[in-house]
Amino acid sequence: MEDCLGSDDEYYYSDQDSLDGIENEDSDPQWIPPKGTTTKVITKESLLSAQKEDLRRVMDLLFLREHHARTLLIHYRWDVEKLFAVLVEKGKPCLFSEAGVTLVEHEDLDPPLPNSPVMCAICIEDVPSVDTTKMDCGHCFCNSCWTEHFVVKINEGQSKRIRCMAHKCNAICDESVVRNLVSKRHPHLAEKFDRFLLESYIEDNKRVKWCPSTPHCGNAIRVEDDEFCEIECTCGLQFCFSCLSQAHSPCSCLMWELWAKKCRDESETVNWITVHTKPCPKCHKPVEKNGGCNLVSCICGQAFCWLCGGATGRDHTWSSIAGHSCGRYKEDKEQNAERAKRDLYRYMHYHNRYKAHTDSFKLESNLKESIQKKVAVSEEKDSRLRDFSWVNNGLSRLFRSRRVLSYSYPFAFYMFGEELFKDEMTKEEREIKQHLFEDQQQQLEENVEKLSKFLEAPFDDYKENEVMDIRMQVINLSAITDTLCQKMYDCIESDLLGSLQLGIHNIAPYKSKGIEKASELTVCWVNKANNADKDPRLHCGTSGGSTEPEQPSGSGSSDESGCSSRKRARKGALGGGFFDLNLPAEVIDKSDS
C-alpha cells in the first residue's frame with residue numbers, strides 16, 4: 001500500500017501551523033530549510049558518476065590507479081568503510097593480496113628488444129616481443145592467448161575479476177589491457193566488459209539495489225545509513241530496501257515473506273484439510289469423518305478405512321471391518337486435527353482484520369478527490385476559516401496510520417505464535433507481551449476509525465462553528481495517531497524484538513512524514529581541455545563534500561559548472577555508442593552485431 005498523496009511538500013504542514021491559520025493569516029510563515037534526503041536515485045546516466053565517487057575516495061587515500069581501486073572495491077563489495085577498516089587492521093600488503101592487486105614496484109632494467117622472439121608459456125610458440133603483454137604481476141604471454149582468455153571469461157560472466165592465466169596467480173588483470181586487446185577482435189565484447197564493470201556498482205553493492213518496479217523503471221536506489229528502511233523511488237513505487245518487496249513495516253522481512261506466502265496459497269486452509277480429512281482412494285476428493293465409526297463412505301460410493309485410508313468393503317462391525325485389519329489407530333491423529341483447526345481459526349482472526357484494514361485503505365484512497373472538492377467549496381464561502389491544510393494533513397495521517405495498523409496484524413500473528421519464537425519466550429512472557437501490544441493496537445485502531453469518520457463528514461455543508469469543531473478533532477486525532485504509531489514501533493523494537501536472542505528480525509523505523517522519497521543523484525559534466533577527444537569525466541555535484549546547491553528534481557536548468565538534474569543519455573562513455581544498462585546483454589549484443 002502506498003501513500004496516496006503527492007510529495008510531502010504538497011500537503012505537510014504542522015498542526016501548530018493549522019491552529020495559527022485563523023488568528024495570524026497575514027503573518028509571514030518562518031521558512032525552515034528542508035533537510036536533504038540521504039537516499040539517492042541512480043539512473044543509467046548518473047551510475048558512472050556514483051561509481052567515480054567511491055573510486056576517487058580510494059584512489060586519493062591509497063594513491064592508486066583507477067583499475068586497482070576498482071579491483072579493491074569489487075572485492076569488498078563497494079564497501080568503502082570496510083575497505084578502510086581492513087587497511088587499518090591488517091595493513092596495505094594484506095589488503096592488496098586478498099583483493100588480487102599487484103603494484104609494479106619497478107620497471108624492467110633490461111627489457112627485450114621489439115623484434116626479439118619471446119616464447120609464450122601458454123601456446124609454447126615463439127612470438128615477437130611486441131605481440132606480448134606483461135601484467136602487473138610480472139607474467140607475460142602472447143596477445144593471442146591473452147585475448148582468448150579474456151573472451152572466455154567475459155562470455156562466462158567473470159568480467160569483473162579476470163585473473164592472470166599463470167598457475168596459482170591470483171592477480172587481477174588490468175582492465176585497460178583487457179579492453180584494448182578484446183576490442184581489436186570483438187568490439188561488442190569490449191562494450192559488454194565495460195557494462196559489467198559499471199553494473200558491478202549495483203550488483204555487488206549492498207548499499208545499492210535496483211528498484212523492483214514492474215515494468216522496470218531503470219533506476220537504482222542507494223542508501224547511506226541503515227539498509228532496513230523503506231524507500232519511495234521517483235517512479236512512485238514504495239518498497240522495502242532490504243527484501244525489495246512492498247513496504248511492510250512493522251513486519252520484519254521474514255514475517256512478511258511467510259505471511260505473503262500464507263495468503264497467496266492459503267496454506268493454513270490446505271493444512272487443516274490435510275490433517276482433518278482423508279482423500280478418497282477412488283476419486284481422491286477430501287472426506288471429513290462426521291461419526292465415530294472408522295468405516296467412511298465417500299459421495300462417489302467408495303468405502304475406505306479412516307485409520308489407514310485403504311479401500312474396503314461395506315461389511316463391518318463397531319470393532320472391525322470385514323476383510324481389513326490395520327490396527328494403527330493413533331491418538332495423536334485427533335490431537336493434530338484439533339490443533340490444525342485451532343491454528344486455522346487463529347489465522348482467520350488475524351487475516352480478516354488485516355484484510356479489513358487493507359480494504360479500508362483502498363476505499364479511503366478515493367477520499368482525496370472528494371475531499372479536495374469539499375475544500376474548494378469551503379474556501380469559496382465567506383468565512384474567517386480559510387486555511388484547510390488540516391484536511392490534507394489529516395488525510396495523509398489517516399493513510400499512514402491505516403497502513404501501520406494493517407501490517408500490525410501479520411506481525412502479531414508471528415510474534416505471538418509458535419512458528420518463529422517458540423523457544424524465545426515462555427508462555428507467561430508471551431501472554432504479557434501480547435496484552436501489551438494488543439492494548440496499543442486497540443488504541444490506534446479506535447483513533448484511526450475516529451479520524452476516518454471526521455474526514456468523511458460533509459463539512460462543506462456545515463456551519464462555521466461545526467467546521468471548527470471538526471477541524472480541532474482532525475488536528476487532535478492526527479497528533480494522537482502519530483504518537484500511537486511511534487509508540488507501537490518503540491514497543492516492537494525495544495520490548496518485543498529487542499529482547500530476543502536471535503537478532504534476525506529488523507523493521508524499518510517509523511517516519512512521521514511517511515516513507516522517505518529518494519532524490520535523484522545530480523550529475524556534473526566536466527570536459528578537460530587536454531582530453532577533449534575522450535569521454536567526459538562525470539562527478540556528482542551533491543556528494544563528496546561539494547558545496548553546490550542541489551537543483552530541484554523537476555528542473556531542466558543547469559548551473560555554470562554544467563550540473564543538471566535533467567539527465568541525458570551518455571554517448572561514447574564506454575565504447576562509442578548508446579546502450580541501455582537495463583537491457584539484457586543478449587539484446588545489446590544482437591544490436592551491435
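The table that follows gives values for the structure above.
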quantity: Among the candidates 423, 482, 387, residue that is in contact (Cβ under 8 Å) with a residue 12 or more places away in the chain, in the same structural domain as residue 362 (by TED's automatic domain parsing) and not in a helix (DSSP H, G or I); calculated: 387
quantity: Lone qualifier among 289, 373 - being under 41 Å from the mean Cα position of the chain (by Cα) and at pLDDT 75 or above; calculated: 373
quantity: Residue within the range 114-132 that is touching a residue at least 40 places away in the same chain (Cβ under 8 Å), farther than 30 Å from residue 53 by Cα and open to solvent by 70 Å² or more (accessible area, probe 1.4 Å) present; calculated: yes
quantity: Residue in the range 489-506 that is touching a residue at least 24 places away in the same chain (Cβ under 8 Å), open to solvent by less than 10 Å² (accessible area, probe 1.4 Å), within 30 Å of residue 366 (Cβ to Cβ) and assigned to a helix (DSSP H, G or I) present; calculated: yes
quantity: Residue list for the range 363-383, restricted to those being acidic (Asp, Glu) and free of Cβ contacts under 8 Å to residues at least 40 places away in the same chain; calculated: 369, 379, 380, 382
quantity: Selection from the range 431-454 of residues that are within 26 Å of residue 379 (Cβ to Cβ) and either among the polar types (S, T, N, Q) or out of contact with any Leu (no Cβ under 6 Å at 6 or more places or on another chain) (or both); calculated: 452, 453, 454
quantity: Single unsatisfied condition, residue 152 versus (1) buried (at least 18 other Cβ atoms within 10 Å of the Cβ); (2) within 37 Å of the chain's Cα centre (by Cα); calculated: (1)
quantity: From 434, 443, residue being without any contact (Cβ under 8 Å) to a residue 40 or more places away in the chain, open to solvent by 40 Å² or more (accessible area, probe 1.4 Å) and assigned by TED's automatic domain parsing to the domain that holds residue 469; calculated: 434
quantity: Number of the exception - residue 284 against (1) touching a helix residue (DSSP H, G or I) at 6+ places or on another chain (Cβ under 9 Å); (2) free of Cβ contacts under 8 Å to residues at least 12 places away in the same chain; (3) not hydrophobic (A, V, I, L, M, F, W, C); calculated: (1)
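Per-residue answers, yes or no, for (1) in the same structural domain as residue 150 (by TED's automatic domain parsing); (2) touching a residue at least 60 places away in the same chain (Cβ under 8 Å); (3) in a loop (DSSP other than H, G, I, E, B); (4) open to solvent by 10 Å² or more (accessible area, probe 1.4 Å):
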| site | (1), (2), (3), (4) |
| --- | --- |
| 201 | no, yes, no, no |
| 215 | no, no, yes, yes |
| 224 | no, yes, yes, yes |
| 231 | no, yes, no, no |
| 242 | no, yes, yes, yes |
| 254 | no, yes, no, yes |
| 261 | no, no, no, yes |
| 272 | no, yes, no, yes |
| 278 | no, no, no, yes |
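The values are calculated or read from the model by the stated rules, or taken from the named source; none is laboratory data. In this text, all values refer to a predicted model and were calculated from it rather than measured experimentally. Methodologically, a virtual Cβ is constructed for each residue, glycine included, from the backbone with ideal geometry; neighbour enumeration extends over all protein chains shown. What goes into the accessible areas is simple: the full protein's heavy atoms, side chains included, and nothing from ligands, DNA or RNA. Shrake-Rupley method; radii C 1.70, N 1.55, O 1.52, S 1.80 Å.
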